[in-house]
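Right, one structure below, let's go through it.
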Amino acid sequence: MVHHDHEHEYSVDTIRRSTTGKPDDVLKKVLVANRGEIAIRVFRSAHELAMKTVALFSYEDRLSMHRYK
């Protein structure tokens, strides 16, 4: 059985509407300590919310796609 909790929808539009616009009310930067598709999705959402992003990566992952996103 799948339970949908509509009180806690976290879409980009919901987050945009829920902020009051005060500087202290808005998250400005997000650090992603992951790689691959998950990191790319987080970066895409952060970009849509006009947030800065920081990626952690190892020397071996220096050419990975998530680093460039």
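Quick check on my filter: what residues within the range 40-61 are outside any helix (DSSP H, G or I) and closer than 13 Å to Leu27 by Cα? The answer is Leu49, Ala50, Met51, Lys52, Thr53. Reported count of residues in the range 17-69, each being aliphatic (A, V, I, L, M), exposed (fewer than 13 other Cβ atoms within 10 Å of the Cβ) and at pLDDT 80 or above, is 6.
The values are calculated or read from the model by the stated rules, or taken from the named source; none is laboratory data. Fair warning: this is a prediction, and the values are worked out from it, not measured in the lab. Every residue, glycine as well, gets a Cβ built from its backbone with ideal geometry; the counts of neighbours run over all protein chains shown.
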